[in-house]
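The values are calculated or read from the model by the stated rules, or taken from the named source; none is laboratory data. Nothing here was measured: the structure is a model prediction, and the numbers come from that model. Methodologically, a virtual Cβ is constructed for each residue, glycine included, from the backbone with ideal geometry; neighbour enumeration extends over all protein chains shown. Only protein heavy atoms, including side chains, enter the accessible area calculation; ligands, DNA and RNA are left aside. Shrake-Rupley method; radii C 1.70, N 1.55, O 1.52, S 1.80 Å.
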Amino acid sequence: MELIVCIKRVPQTAEAEVKIDDSGKDIVKDRLTFDMNEADSYALEEAILLKEKFGGAITAVSLGTAEAEDTLRIALAKGADNAIRIKAEEFGELDGYKTAMIIKEAIKDLKFDAIFTGCMATDDSYYQVGPVLAETLGVPHATLVSKIELTDKKVHVNRELEGGLIEHLEMSLPAVFAVQTGINEPRYASLIAIRRAAAKEIKVLGKDDIASEPKLNSTLEELFVPPVGKRAEFLTGTADEVSARTAEIIKEKGLI
Amino acid sequence: MADILALVEHRQGTIRDITYELLTYGRKLTEKTGGKLTGVVLGHNTDRYTETLKKHAHRLVVVDHEVFKDFNAETYQVALVDIIKKENPFLTLIGNTAFGIDLCPALATKLDIPFTTDCIGVEIADTRVKLTRQLYDGKMDAHVRLSDSSSYMLTLRSGTCAAEEGSLAAEIQKIDAPVTNQPDYKKFIEYIEAAVGDVDITKADVLVGVGRGIKEQANLAMIEEFAKAMGGVVACSRPIVDANWLPKDRQVGSSGKTVKPKLYIAVGISGAFQHIAGMKSADTIIAINKDPNAPIFNEADYGIVDDLFKVVPALKNKIMEMKQ
Ligand SMILES: Cc1cc2nc3c(=O)[nH]c(=O)nc-3n(C[C@H](O)[C@H](O)[C@H](O)COP(=O)(O)OP(=O)(O)OC[C@H]3O[C@@H](n4cnc5c(N)ncnc54)[C@H](O)[C@@H]3O)c2cc1C
Ligand SMILES: Nc1ncnc2c1ncn2[C@@H]1O[C@H](COP(=O)(O)O)[C@@H](O)[C@H]1O
C-alpha cells in the first residue's frame, strides 16, 4: 500500500504562557517548545500499522519551516519511508484551505491508497486540511476517525460523534482519513532509529515546484487575548492554607 | 439584502440543539442585514422536523428522501451544492459538529467559496464577513476576514449563541432529491452506541476530573484516594482516555459525557472548550492548575494556582480531618 501522512509541527501552548508579538498577528514563539501535532502522531501510527499488515511505503509530508524537518525525522524514525518538506517560508500567510491546496500540488504525482491527516492542528484548530485535500483530489474522506479496518475490498471506518456515539461507515480506497486522537497507541522512536533517520534525505520543495500559488480563504487581522469570562475566585496561600479554605467551602456547600 | 442559509442538523430522528443555536444566530444576523433566513432540511419523514422548525426561519427548503435519513457528507454535499447554487445565499451557517466538520470544508471547496471553521463570532459589514476564532488551545482569539465574495460559508461552535424561541412562520418549499443512493465509496452503515461501564459519572454528586497534568498513569491512585475521601467518583479529560488510563465512560466533554454534579473538581485540566461543554453546568467548580492563564479558571468558581501534587494530598488530609 502507498500511504501518505500529513504532519504539522506546532507550538506546545497548553501549559505555556502565550503572548502576542509586535505584528499583532502572531504569537511570540522563541520560548515555546514545538512538537508533532498531537493528532498527527495518531495518524502516523495508523499508517505504520497498515504498512506492517499489508506492506508498502509511507511518505510523510509537512508544510513548514526548516525546523519541520526535525519533526519529519521523528516520523522517519518511527516508520515513514520518505519525507517531503514544503517550504512554508515561501508562501506567506496560510490558512487550512491554502495549506491543503499546496500539499495537493506537492503530492499530485505520488500514487496513494490512503492519506492520513490529524483531525485538527492544535495551533489553528481548522479541521480543514484533510477534507479539503480529499475534495481537491477527488476522493472520499472521513473525519474524526476512531477506527479503520481494512478487509478485501472495503474499509470499515468508525467516526466519533458527540457524546461518544460512533458512526460506522463502509468506504473504499483511495480515501483521506482525518484521524482523531486515541485511535491507537503511538509508538516511541528508538534511539537507534532516530540516529538512522538523521542520515535520511528529506525532499525539499518550494514555490517553483508548485504550479500556481493557491488563494487564501481567510486573512488573520489581529490576535487578542480572549475576554475573561466569569473569573474564578482565587484561593491563595500555602498548599495547607488553600486546602483548609477549600475544605471549608466544600463543607459549607454540604458536600461533606 | 443579505440572505442567510442555516443547515438543520438531526440525528436518530431528533433535531440537534446546535440547529436552534444556528437558527437563532442566523435570525439575529438577518435582523441587521435585512435579508431572509432559510433553514435547509435534508432528511426523511421531515414533517416531524418542519413542524417545530417553522417558527425559527422565514423559509424552509426541504428535501425529503430516505437517502438523507442519516448523515453522509457525500450525499449531503450533492444536495447542498444544488441548493446553494440556486439560492446564492450571502452566508451559509453550519454547526462545528462532527457533522459540520465532515461536510463544510469539502462542500465550500467544491463550490469554490471562502469559508472557515469553528467560529465563535460573526460580524457582517456591507459585503464583508469578519469572524472571531480561537487559537492555541483557547489561549488566543483572532479576528479573521473572509476573502471578498458574494457568498460565504462557516461553521459555528456550539454554545456561541443561546437558542431562543422564534415567532416566525416559515414558508415551506419542498424540492426533489438530486441523489437517491449512497455512493459505493462512502456508505453510512449504522450507529454504535457508547459502551456502558460499571460507573455512571452522570449520577455522581461529586466528581474529581483529572487531566493530562497528572503526567503518569501511576499517579491516578492519588486521585482515586482523593475522590474516595470526598465520597466522589473519578472522571477525566480526553487525553486520559486516549492513553487508555481510564475507560471512555469516564470522559467528560463534547465527545464524552455531559455531567451536572453538585461539585466538580478539575485537577490538571486546561479547560479546552470541548471539556467545558461537558461540565459547565456543575453547581460548583473548583480548578487546581499550575498555569494561572489556563482557560479553566474562566469557568471555575474557585481557583487554586499551584502544583496539583502538593494541593491534592493536602486537601485530601483536610477533608479526612473534617470528616472525623
Ligand atoms: C473533536 C474533538 C472532541 C474532543 N472532545 C473532548 C472531550 O469530550 N473531553 C475533553 O476533555 N477533551 C476533548 N477534546 C480534546 C480537547 O481539545 C483538549 O485537547 C483536552 O481537553 C485537553 O485535556 P487536558 O486539559 O487534560 O490536557 P492539557 O490541555 O494538556 O492540559 C493539562 C493541564 O494541566 C496543567 N498541569 C500540568 N502539570 C500540572 C501540575 N503539576 N499541577 C497542576 N496543574 C498542572 C497544565 O497547566 C495544563 O493546563 C476533543 C478534541 C476534539 C478535536
Ligand atoms: N502545514 C501543514 N503541513 C502538513 N500537514 C498539515 C499542515 N497543516 C495541517 N496539516 C494536517 O492537517 C491536519 C488538520 O489540520 P487543520 O485543518 O489545520 O486543523 C493536521 O492534523 C495535519 O495532519
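B:F188 exposes around 20 Å² of accessible area when a 1.4 Å probe is run over every protein chain in place. If contacts are Cα pairs under 8 angstrom and at least 6 residues apart, what is the relative contact order of the range A:56-213 in percent? Relative contact order here is 28 percent.
Taking Cα atoms only, the orientation of helix A:96-107 departs from the longest principal axis of chain A by about 30 degrees. Sorted largest first, the principal axis extents computed over the alpha-carbon atoms of chain A equal 66, 46, 41 Å.
Normalised per residue, the accessible area of the range B:4-175 is 35 Å², obtained with a 1.4 Å probe and no contribution from ligands, DNA or RNA.
Taking the 1.4 Å solvent-accessible surface of chain B as the whole, the part contributed by carbon and sulfur is 47%. Once the partner protein chains are put back, the range B:141-173 shows a loss of at least 40 square angstrom of accessible area, versus the chain by itself, at B:D141, B:H143, B:R145, B:S147 (probe 1.4 Å, ligands and nucleic acids excluded).
Hey, got the dipole for the protein assembly as shown? About the Cα centre, +1 on K and R Cβ, -1 on D and E Cβ, debye to the nearest 20?
Values: 71 positive and 88 negative charges, 86 e Å.
It works out to roughly 420 debye.
Report summary: the helix-based calculation at 222 nm, which adds -39500 (n - 2.57) for every DSSP H run with n ≥ 4 and divides by the residues of chain B, gives -8500 deg cm²/dmol. Determine the distance separating the Cα centre of the range A:177-222 from the Cα centre of the range B:299-324; give it in Å without decimals. One Cα centre to the other: 42 Å.
Placing B:E87, A:E241, A:E222 in order of accessible area, with the largest value first and a 1.4 Å probe, yields A:E241, A:E222, B:E87. Which whole-angstrom value gives the distance between the alpha carbon centres of the range A:57-72 and the range B:100-136? What the calculation gives is 28 Å, centre to centre.
Once C-alpha pairs closer than 8 Å and six or more residues apart are averaged by separation and normalised to the residue number of chain B, the relative contact order reads 14 percent. In this structure the range B:194-324 gives 41 Å² per residue of accessible area when probed at 1.4 Å with all protein chains present. For chain A, the longest principal axis of the C-alpha atoms and the axis of helix A:68-78 are separated by about 80°. With a 10 Å cut-off around each Cβ of B:276-284, the average count of Cβ atoms from other chains is 1. When the accessible area of the range A:1-117 is computed with all protein chains present and a 1.4 Å probe, what percentage of it is carbon and sulfur? Result for the range A:1-117: 45 percent of the exposed heavy-atom area is carbon or sulfur. Put simply, the amide H of B:M140, placed in the peptide plane, has neighbours under 5 Å in B:L135, leaving out anything fewer than 5 places away on its chain.
Using the Cα gyration tensor of the range A:62-139, with a ≥ b ≥ c the square roots of its eigenvalues, what is the shape: rounded (a/c below 1.5), prolate (a/b larger than b/c) or oblate (neither)?
Values: a/c = 1.41, a/b = 1.10, b/c = 1.28.
Rounded, because the longest to shortest axis ratio a/c is under 1.5.
Karplus-based coupling profile of the range B:64-77, in residue order and whole Hz: 10, 7, 4, 5, 9, 4, 10, 5, 8, 4, 5, 6, 4, 5, with θ = phi - 60° in 6.51 cos²θ - 1.76 cosθ + 1.60 and x standing for Gly or Pro.
At 1.4 Å probe radius, can you tell me the per residue accessible area of the range A:2-209 in Å²? Intermediate values should be presented prior to the final figure.
Working: 8700 Å² over 208 residues.
Solvent-accessible surface per residue comes out at 42 Å².
Among B:49-57, A:74-82, the peptide with the highest mean count of other Cβ atoms within 10 Å heads the list, and the full ranking is A:74-82, B:49-57. Overall, the anisotropy analysis places the range A:1-123 in the prolate class: the square-rooted eigenvalues a ≥ b ≥ c of its C-alpha gyration tensor yield a/c not less than 1.5, with a/b exceeding b/c. Shown in residue order for the range B:271-280 are the 3J(HN,Hα) couplings computed by the Karplus curve 6.51 cos²θ - 1.76 cosθ + 1.60 at θ = phi - 60°: x, 4, 4, 5, 6, 3, 3, x, 9, 5 Hz (x for Gly and Pro). Partners of A:K253 within straight-line reach, counting lysines whose Cα lies under 21 Å from its Cα and excluding those fewer than 8 residues away in the same chain: A:K230, B:K203, B:K228, B:K260, B:K262, B:K280, B:K316, B:K318, B:K323. Within the range A:111-225, count lysine pairs with alpha carbon atoms under 27 angstrom apart where the residues are 8 or more positions apart or belong to different chains. Eligible lysine pairs with Cα atoms under 27 Å apart amount to 9. Computed packing ranks the peptides A:179-187, A:65-73 as A:179-187, A:65-73, most packed first, by mean other Cβ atoms within 10 Å. Inter-chain Cβ neighbour count for A:180-188, averaged per residue, equals 3 (cutoff 10 Å, partner chain atoms only). Phi angles across the range A:147-161 convert, under the Karplus curve 6.51 cos²θ - 1.76 cosθ + 1.60 with θ = phi - 60°, into 3J(HN,Hα) values of 6, 10, 10, 9, 10, 3, 10, 10, 10, 9, 10, 9, 10, 9, 9 Hz, Gly and Pro given as x.
A 1.4 Å probe over all protein chains sorts B:Y191, B:Y185, B:Y152 by accessible area into B:Y185, B:Y191, B:Y152, starting with the largest.
Please list B:V62, A:V18 from largest to smallest accessible area, probe radius 1.4 Å, with all protein chains kept in place. The partial results should precede the final answer.
On the way: B:V62 0, A:V18 25 Å².
Reading off the accessible areas and sorting them downward yields A:V18, B:V62.
Mind running the shape call on the range B:201-323? Use the C-alpha gyration tensor, a ≥ b ≥ c as the square roots of the eigenvalues: rounded below 1.5 for a/c, prolate if a/b tops b/c, oblate otherwise. Rounded.
The mean count of C-beta atoms from other chains within 10 Å of the C-beta of residues in B:294-303, rounded to a whole number, is 5. Accessible area buried by the pairing of B and A, both sides summed with a 1.4 Å probe, works out to roughly 7700 Å².
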